[in-house]
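Participant: Following this message is one structure expressed as structure tokens.
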Amino acid sequence: MPEVPPLEAELQLATRGSEMKLEAELPPGTGESRGTRLARAVLGPQPIGMAFGAPYALFIAVLFAYPLGLAVWISFHSYFFTAPGVSVARPFVGLANYVAVLTDSEVLRSFLNILIFLVINVPLTVALSLLLATALNAAIPFRALFRACFYVPYVTASVAMVAVWLFMFNTGGVVDSVLGPVAPVPSWLVNQNWAMPSIAIYVTWKQLGFFILLYLAALQNVPKELYEAASIDGASWWHRLWSVTIPGVRTVTTLITLLAIIVGANLFTEPYLLTAGGGPNGTSASPVLLMYQIGIEQNHPDFASALGVILVIGVLLIVGVQRLLQRNQT
Amino acid sequence: MTQTGRTVDEVAVAPDDVTSVEPRTSHSWWRLTVLGIGALVFVFPFYYMIIGSLQKNQNTSLSGVVPQPGNITLRNYGEINAALNLGKTLINSGVFTGGVLLATVVFGVLAGYALAQLRFRGRGLLFVSMLLLLMVPFQLLIIPLYVLIVRYYGLGDSYLGMIAPFAINSTAVFIFRQYFLQLPKELFDAARIDGANEFRILTRIALPLVRPALLTAMLLTFIGPWNEYLWPFLITKQQSMQPLAVALANYMNTVQSTVSNPFGTILAGAVVLAVPAVALFLAFQRYFVAPNIGSAVKG
């Protein structure tokens, strides 16, 4: 696995590098005019890099930084869509939108839904992908075929997969047929208690292949000597799993938790299509689904922007905490 | 970093398994059992999707799991084609995906190369912005993007509006940068002394050396727009502009009983939507290995 230096080191490299290398690489006074030297001092030794990076920089500025700023601006104003060309006052309302978001029962319910999602998705993903990656981590027949089977759902469009799951988990679908009297009534996707768990199971299934690949790579970095030492000490397989394997792949486990939180906050296709718009009674609504329903369908983009800004801050906080934890571990 | 001195080609194509595979033992029976059950769970929905798309009459009982000779038809494919105009929606998906791929390959490679090998003012800022963009999910920006692209710029129902937020895939830029970083500095210095300009160095020396990374990044970039639902759904109101994923989802939500087997018709559309991505990944699966994608998500 190509090692990626930790973020902090990367940042230092990226920010310091340009000044540090400058002196060393340029032999002083090799016939360069004063102007060229000045240009290099201002633009860096290879200013052509600015031209190479310009389209991407423009992309970031126009389609990331500006929208992010706009979201913050909208979230502090009273804002709604009007017919084209009509200009209306958009008064500053302070934190009113944020207060509205944080006291909205639908929003709070969607946060609870993410919690339900996480409680089911994270342990299931960790256990199953670790199990399958461990099983794959050997010279066994059909290895490539198994690997391919596992990640095929990951690369397939959610809309296509949701269609099959609807067919399977519908009232009277094949899953109900198999389970017979044990099947929940009302059926999975229209049952208040099963709607969100169904989505969590679906997402686990869809993304498992990706995490199997990550665990597989992590398992191959666990030193074999540790397993040998443990075997010599007479450790049971459970003991080896608990004290060698699990600590060895902890980075991936943290990553899964982190990505699960982000995925949960961003669910849209699943609650919109699988459980018919976050139903029943909003028990499978996600924050992004609410952003769409409230912001665009019901024309309250100010409310939805505030919700979006809260989520962005939440995601950045979680990523920050994860970085911090990871640094303390290593 | 374990592979110092190996060329990038080796790193990328080296099967991720050879390094520390346990010797074949009697354990392989439990492995095969676990993997077999796992594979079954993963493949069954795909199998069922195809079976379901061929059923004349919807059969959700257990007998419907095996194909019934009397209940097989291709009519569902005709029905979905009539309802969605598959050709047009596939072209829309293709233009959306192709535009993103083109922009990512051209501008993403340039940016990745600049971030890895060139020293210029603003490089640190560009790199930090890229990391930030990788962390903040696109979905959280749908409201301002909708306001900007549909309301301000009037790009609703246009390919440009569809492509814009995805145009340069940052994960791909990150992968390009990681691979360009691994190329030995001496190579570039030698070329520069010979008087080659940076664009020539990039296209003639650096790019051929990172071809596997290029393929990995393109595969990852492909599934983004091809499978994307939320954004094209938001900005396309006319059916003639909708990519297949959006048109199919709308059809699912408003499924009419005018067709004889509604679910079969939906599943036929799902098969058409799934096949290109699955086929691409199976064909190029050796490029979809953990080291490549791992480097992307660890950012």
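No lab work stands behind these numbers, since they all come straight from the coordinates. This one's a predicted model, so the numbers in the text were calculated from it and none came from an experiment. Every residue, glycine among them, receives a Cβ derived from its backbone with ideal geometry; neighbour counts consider all protein chains shown.
Participant: Determine the gain in length on full extension of the stretch residue A:37-residue A:233; use 0.36 nm per residue of separation and subtract their C-alpha separation, reporting nm with one decimal. Don't jump to the answer; show the numbers that get you there.
Facilitator: Details: separation 196, 0.36 × 196 = 70.56 nm, distance 6.59 nm.
Contour length minus Cα-Cα distance gives 64.0 nm.
Participant: Who wins for biggest fluctuation among B:168, B:193, B:205 in a Gaussian network model of chain B, springs between alpha carbons below 10 Å?
Facilitator: Largest GNM mean-square fluctuation: B:193.
Participant: Sticking with this one: Charges at C-beta only: +1 for Lys and Arg, -1 for Asp and Glu. How large is the resulting dipole of the protein assembly as shown about its Cα centre, in Debye rounded to 20? Don't skip to the end; give the middle numbers.
Facilitator: On the way: 34 positive and 28 negative charges, 126 e Å.
Using Cβ point charges on Lys, Arg, Asp and Glu, the protein assembly as shown gives about 600 debye.
Participant: With a point put 7 Å past each Cα toward its Cβ, work out how far residue A:192 is from residue B:81 in nm, to one decimal.
Facilitator: 4.7
Participant: What distance in nm lies between label points placed 7 Å from Cα along the C-beta direction at residue A:327 and residue B:158?
Facilitator: My value for the distance between the label points is 4.4 nm.
Participant: Let me see the P(r) profile for the range A:99-329: every Cα-Cα distance counted, bins of 10 Å, each bin given as a percent of all pairs.
Facilitator: Pair shares across the bins are 7, 26, 31, 22, 11, 3, 0.
Participant: Follow-up. Test of understanding: in a Gaussian network model of chain B with alpha carbons linked when under 10 Å, which of B:245, B:103, B:283 would top the mean-square fluctuation ranking?
Facilitator: Ranking B:245, B:103, B:283 by mean-square fluctuation puts B:283 first.
Participant: Please compute the contact order of chain A in relative form: average sequence separation of alpha-carbon pairs under 8 Å and at least six residues apart, divided by the residue count, as a percent.
Facilitator: Numbers: 299 pairs, mean separation 80.3, N = 330.
Dividing the mean separation by the residue count of chain A yields 24 percent.
Participant: As a test of understanding, state the convex hull volume per residue of the range A:221-330 from its alpha carbons, in Å³.
Facilitator: Working: hull volume 14.4 nm³, N = 110.
Taking the convex hull of the Cα positions in the range A:221-330, it is 131 Å³ per residue.
Participant: Where a ≥ b ≥ c are the square roots of the eigenvalues of the C-alpha gyration tensor, would you call the protein assembly as shown rounded, which needs a/c under 1.5, or, failing that, prolate if a/b is larger than b/c, or oblate? Can you show the working numbers first?
Facilitator: Numbers: a/c = 1.66, a/b = 1.20, b/c = 1.38.
It comes out oblate by the Cα gyration axes.
Participant: Right, next: Would you mind telling me which residue in B:85, B:250, B:71 has the biggest mean-square fluctuation in a Gaussian network model of chain B, where springs connect alpha carbons within a distance under 10 angstrom?
Facilitator: B:71
Participant: Now, a different point. Calculated from DSSP H runs of 4 or more alone, at -39500 (n - 2.57) each and per residue, what is the 222 nm mean residue ellipticity of chain A, nearest 500?
Facilitator: Mean residue ellipticity at 222 nm (helix-derived): -20500 deg cm²/dmol.
Participant: Quick one: 3J(HN,Hα) in Hz for the range B:209-215, Karplus 6.51/-1.76/1.60 with θ = phi - 60°, rounded, Gly and Pro as x.
Facilitator: These are the phi-based 3J(HN,Hα) values: 6, 10, 3, x, 5, 4, 5 Hz.
Participant: Please give the peptides A:81-88, A:41-48 ranked by average Cβ packing (other Cβ atoms within 10 Å per residue), highest first, as a rough proxy for protection.
Facilitator: Working: A:81-88: 8.2, A:41-48: 16.2.
So the peptides A:81-88, A:41-48, ranked by packing, come out A:41-48, A:81-88.
Participant: What ranking do B:252, A:50 get, fewest neighbouring Cβ atoms within 10 angstrom at the top? Kindly include the intermediate steps, with their values, before the conclusion.
Facilitator: Details: B:252 21, A:50 18.
Listing B:252, A:50 from fewest to most nearby Cβ atoms yields A:50, B:252.
Participant: Can you compute 3J(HN,Hα) from phi for each residue in the range A:180-186, using the Karplus curve 6.51 cos²θ - 1.76 cosθ + 1.60 with θ = phi - 60°, rounded to whole Hz and x for Gly and Pro?
Facilitator: Once θ is set to phi - 60°, the couplings for the range A:180-186 become x, x, 6, 4, x, 10, x Hz.
Participant: Please report, to one decimal in angstroms, the Kirkwood hydrodynamic radius of the range B:170-216 built from all distinct Cα-Cα pairs. Could the numbers behind the result be given before it?
Facilitator: On the way: mean 1/r = 0.0901 Å⁻¹.
One over the average 1/r among Cα pairs gives 11.1 Å for the range B:170-216.
Participant: Can you tell me the 0 to 90 degree angle between the C-alpha axis of helix B:170-182 and the longest principal axis of chain B, rounded to 10?
Facilitator: 40
Participant: Within 10 Å of each residue's Cβ, count the other Cβ atoms and sort A:204, A:251 from fewest upward.
Facilitator: Values: A:204 22, A:251 15.
Taking fewest neighbouring Cβ atoms as first place, the list is A:251, A:204.
Participant: Return the FRET efficiency for the residue pair residue A:103, residue A:72: r is the Cβ-Cβ distance, R0 is 25 Å, and the value is rounded to the nearest 0.05.
Facilitator: Numbers: r = 20 Å, r/R0 = 0.81.
FRET efficiency, residue A:103 to residue A:72: 0.80.
Participant: Mind checking which of A:232, A:252, A:294 is farthest towards the positive end of the range A:175-330's charge dipole, using Cβ charges of +1 (Lys, Arg) and -1 (Asp, Glu) about the Cα centre?
Facilitator: In the range A:175-330, that residue is A:232.
Participant: Taking only Cα atoms, what is the 0 to 90° angle, nearest 10, from helix B:244-253's long axis to the longest principal axis of chain B?
Facilitator: 40
Participant: Could you give the nm distance between label points at residue A:182 and residue A:81, where each point is 7 Å from its Cα heading toward the beta carbon?
Facilitator: 4.7
Participant: Which FRET efficiency, nearest 0.05, do residue B:131 and residue B:95 yield, Cβ-Cβ r, R0 35 Å? Working shown, then result.
Facilitator: On the way: r = 30 Å, r/R0 = 0.86.
Once rounded, the FRET efficiency stands at 0.70.
Participant: Please work out the FRET efficiency for the pair residue B:203 and residue A:221, using the Cβ-Cβ distance as r and a Förster radius of 41 Å; give the result to the nearest 0.05.
Facilitator: Numbers: r = 35 Å, r/R0 = 0.85.
Approximately 0.75, to the nearest 0.05.
Participant: Which is farthest toward the positive dipole end of the range A:99-329 among A:266, A:280, A:148, measuring Cα position about the Cα centre, with Cβ charges +1 (Lys, Arg) and -1 (Asp, Glu)?
Facilitator: So the residue we want is A:148.
Participant: Using alpha carbons only, how many angstrom separate the centre of the range B:263-282 from the centre of the range A:52-114?
Facilitator: Here the answer is 36 Å between Cα centres.
Participant: Please work out how much length the chain gains when fully extended from residue B:151 to residue B:192, using 0.36 nm per residue of separation minus the C-alpha to C-alpha distance, in nm with one decimal.
Facilitator: Computed gain between residue B:151 and residue B:192 is 10.0 nm.
Participant: Given axes a ≥ b ≥ c from the Cα gyration tensor, I'd like to know whether the range A:185-237 is rounded (a/c under 1.5), prolate (a/b larger than b/c) or oblate. The partial results should precede the final answer.
Facilitator: Values: a/c = 7.62, a/b = 2.62, b/c = 2.91.
Oblate.
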